[in-house]
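Only the coordinates and a few stated rules stand behind these numbers; no lab work does. Note that the structure is predicted; figures quoted are calculated from it, not measured. Cβ coordinates were reconstructed from backbone atoms using ideal geometry, including for glycine residues, and neighbour counts include every protein chain displayed.
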Amino acid sequence: MADEPHVLVVEDDASLRETLIWALEDDGLQVAAAVDGVDAVQKASAQLPRLVVLDMSLPGLDGFGVAAALRSQFGSGLPILVITADGQPRHKAERVGAYAYLHKPFDVSDLVQRVREGLSRTAV
Amino acid sequence: MQQSAVHGQGRQTRRQQATDAEERLRQSEERFRTLVDSVKDYAIFMLSADGIVLTWNQGAQQLKGYAPEDIIGQSFERFYTEQARAAGRPHQLLDIARTEGRVEDEGWRARKDGSLFWADVVITALRDEHGQTVGFAKVTRDLTDRRQAEQDRAARMAAEHAAQTFERLQVATAAVAAASDPKTVAELLADAAMRQVGAASAAVALRTPDAPSLETVGMCGDSSIAPEIEIPLALDQRSLGVIGLGFGHARVLDPDERGFLLALGEVGAQALDRARVYAAEQLARTEAQAAARLARDETAVVETLHRVNLALSAELDPDKVVQAVIDAARSVTGAEFASFSAEPAIVEDGHPAFGSYLMVPVHSKSGNAVGTLHLGHREPNVFTERAERLAGGIAAQAAVALDNARLYREVQEAVRTRDEFLAAAAHDLKTPLATTKAMAQLLKNRIDRQHVPGMERLTEGLLRIDRSVERMTALIDELLDLARMQMGRPLDLDLHEVDLSGLMRDVLDDHRPNAPRHALRLVRSDTPVVAKVDPVRIRRSLDNLVANAIKYSPAGGEVVVHIDSSLCDGVRVASVRVSDQGVGIPAADLPYVFERFRRGGNVAFIHGTGIGLGIAQSIVRQHGGSLSVESLEGKGSTFTVRLPLD
């Protein structure tokens, strides 16, 4: 279990956060969660995740800020999967250098598939 | 004991007395009989003190049908109807006769055969020398014929009276109906009402349309006598006012008078309503004539003001409105100097160093002072009466234009706030929807894996939740698009290669179940027409066109969609034409079809918001395409979407 890939979920809405954790854990992934931007940066610093699922609209430090902080600490190699409710997900994904994006509401199967995709990138 | 003996003795004595009295009565009856027996038209007979029939004459036999042997010794109660007996009426009458000496009564009485006759009955108490009632003489007369005659007469009188009332009402209201102004109607009504019931004063008070209070309009008689009785003037349950009648003393209206007055009130209300409409028309006509006269006399002034008006009403920026007002005022009055101050005019001693000076207050529609227009010239007596009028006219227009500019700004602000709110709200809805959707799917996955009992229903329920979230998301996206376009922001198009025929087929399939009276037909070229579009948005636009085609051909008919591609100025273009056989669009409305909240003048009976086409057009335009319309009112419309291919 210890060598299972580690995913950090950053989502301020508690219900959706729990749902994301459940979905990824159901797929056998090890999941850590952050409740806002600052929490995300702290959690990532404590234990480097192999992938970040990032909600863009967060209170205080938003998705852009979190991405910038992570990039400055861990470089561009850390895969980020953006989750957003906005009309311009592609634009946002590009701005934070995410490899993919999901539009709220999304299918669980899409979420799992995208995360797996991201993890296989880092494995290469 | 002793008392009881005394009492018993007393009774004995009274009974003895009664027997003596009856004996005397019988003797007097003997004398009486010869007299009475000859009378045939009256039933005359004696009753004992407790109502037993003692004698019977020929008249009684004839009238009531009993032979003497049938009835003597029987109670007189049987002459009464069952109800009267039940009510104790017979003995009541005896009691009254006993105390009053005599009682007269009219009512139904029964004959031996059960038939009834209308009787006049007089019962007289017969008393002995001690004043003790020892019996009664009863005289009964058959009044059935007389009663019938009276009833006939009453009915005839009532009919005559009704006819007279109607005639009076007609006479009274002919004048009322002919009157053409409310005041005359009110005065005639007051007069008619007063004369009808002999009142000392009458006043008609009317409710004015814009104020609920009553205003006395027509008055006659002695105005110092206040109204005591009010008759409503009501039309279709709408109260127009009242007729008040004063008598100066207590007076109760009989049903007849009340009926007449109520009818008068009804006719009066109709006449008033008519007169009001007529008066309003008169006023409008007079005003129109006055305006026409003014226009003839002062064409130049009016035209000038009209030009200013046009210039001002086109301007929605308050600063520019002010500048336009100043320019216009200067040019039409010939002033050298003109300014506008946002303060109300203050009249001071003396005025600025001008030869001529004109100061015109500008009042908004609500009556607030908006500012003051100042006009000046170095020469004296420059401003003629005409210049003054023109400046006044411009000030009035300035007020309207300033009001409009302010309103426009407020509306813009309100629309922006609403759109921003809408966008934020729609956005915020997405997160809980994401939870709902993902959670439904997770639960379904679990159930699928674990084979929960009754899992089919659970799975079906979770699928329904999933699909509902899908639908709600589509609705929210539509709202978001709408808000974004109203804020003038572009949509973030998600472009894919899409077969337009396939897309259109789906759209038509969606509508078919709800359009049983329409034939929906798709006509397409052999080669597929594939365009790079945002399938969700384009589908929504096409859907809107098809929905309109169905909606605005309420009688049914064909809705035909042609899809093909062609070369246009060297560019390959896909065209989708949606044609219907519906009500069409009036030529005058055609240029405004795509404007928001604009709807054809002929479709007020069809529910709609007037935003669908505007949205469809902006979506198509964002794809680099165009949406156009051809229509003949009464024949139908064709909307054409053109989209660039390649």
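Taking all C-alpha pairs of region B:144-223, those more than 19 Å from each other amount to 54 percent. The alpha carbon gyration tensor of region B:149-194 gives principal lengths a ≥ b ≥ c with a/c of 1.5 or higher and a/b greater than b/c, which makes the shape prolate. With 14 Å as the cut-off, how large is the P(r) tail for region B:455-500, expressed as percent of Cα-Cα pairs? Counting every Cα pair in region B:455-500, those more than 14 Å apart make up 68 percent. Inter-chain neighbour count for B:176-185: the average number of beta-carbon atoms from partner chains within 10 Å of each residue's beta-carbon is 0.
Taking every Cα-Cα distance in region B:362-483 and sorting them into 10 Å bins from zero, the calculated P(r) comes out as 11, 21, 15, 12, 10, 10, 9, 7, 4, 2, 0 percent. Stokes-Einstein, applied to the Kirkwood radius of chain B over Cα pairs at a viscosity of 0.692 mPa s and 37 °C, places its translational diffusion at 87 µm² s⁻¹.
For the residues of A:15-28, the average number of beta carbons from a partner chain within 10 Å of their own beta carbon is 3.
Once you charge only the Cβ atoms, +1 for Lys and Arg and -1 for Asp and Glu, what is the size of the charge dipole of the protein assembly as shown about its Cα centre, to the nearest 20 debye? The calculated dipole for the protein assembly as shown is roughly 1200 debye. Of the peptides B:237-247, B:69-79, B:146-156, B:563-573, the ranking by mean beta-carbon count within 10 Å, highest at the top, reads B:237-247, B:69-79, B:563-573, B:146-156. Among complete DSSP H helices in chain B, those whose alpha-carbon atoms stretch at least 27 Å along the helix's long axis and whose mean Kyte-Doolittle hydropathy reaches -0.5 are B:255-297, B:385-450, B:455-486. Return the tail of the calculated pair distribution for region A:1-87, meaning the percent of Cα-Cα pairs more than 19 Å apart. I get 31 percent for the Cα pairs in region A:1-87 exceeding 19 Å. In this rough spin-label picture, where each label sits 7 Å from Cα along the Cβ direction, the B:Glu303-A:Ser109 distance is 7.7 nm. If you take the Cα centroid of region B:314-341 and the Cα centroid of region B:431-486, the two points sit 62 Å apart.
Evaluated at 37 °C with a viscosity of 0.692 mPa s, what Stokes-Einstein diffusion coefficient in µm²/s does region B:370-413 have when Rh comes from the Kirkwood expression over alpha-carbon pairs? The Stokes-Einstein estimate is 266 µm²/s. Counting only lysines at least 8 places from A:Lys92 when in the same chain, those with an alpha carbon closer than 29 Å to its own are A:Lys43, A:Lys104, B:Lys430, B:Lys437, B:Lys532. For the protein assembly as shown, the ratio of Cα radius of gyration to the globular rule of thumb 2.2 N^0.38 Å stands at 1.84. Start at zero, step by 5 Å, and the Cα-Cα distances of region B:493-646 spread as 2, 9, 20, 23, 20, 15, 8, 3, 0 percent across the bins. Using all pairs of distinct alpha-carbon atoms, the Kirkwood hydrodynamic radius of region B:448-581 works out to 17.6 angstrom.
Ellipsoid fit via the Cα gyration tensor, region A:33-124: semi-axes of 18, 17, 12 Å, each the root of five times an eigenvalue, largest first. Think of chain B as a dipole: +1 on every Lys or Arg Cβ, -1 on every Asp or Glu Cβ, centred on the Cα centre; then among B:Leu508, B:Ile243, B:Ala175, B:Leu508 lies furthest on the positive end. Cut-off 20 Å, label point 7 angstrom out along Cα-to-Cβ of B:Ile72: give me the residues of region B:130-172 whose amide nitrogen falls inside. Correct set: B:134-140.
Under 1.5 on a/c is rounded, so check that first for region B:403-460, then, if it is not, pick prolate when a/b is larger than b/c and oblate when it is not; a ≥ b ≥ c are the square roots of the alpha carbon gyration tensor eigenvalues. Here region B:403-460 falls in the prolate category. Only Cα pairs under 8 Å and 6+ residues apart enter the sum, and on that basis the relative contact order of chain B stands at 6 percent.
Computed from label points 7 Å out along Cα-Cβ, the spacing between B:Arg238 and B:Glu167 is 3.6 nm. Net charge in the neighbourhood of B:Leu93 (other residues with Cβ under 15 Å of its Cβ; Lys, Arg +1, Asp, Glu -1) is -1.
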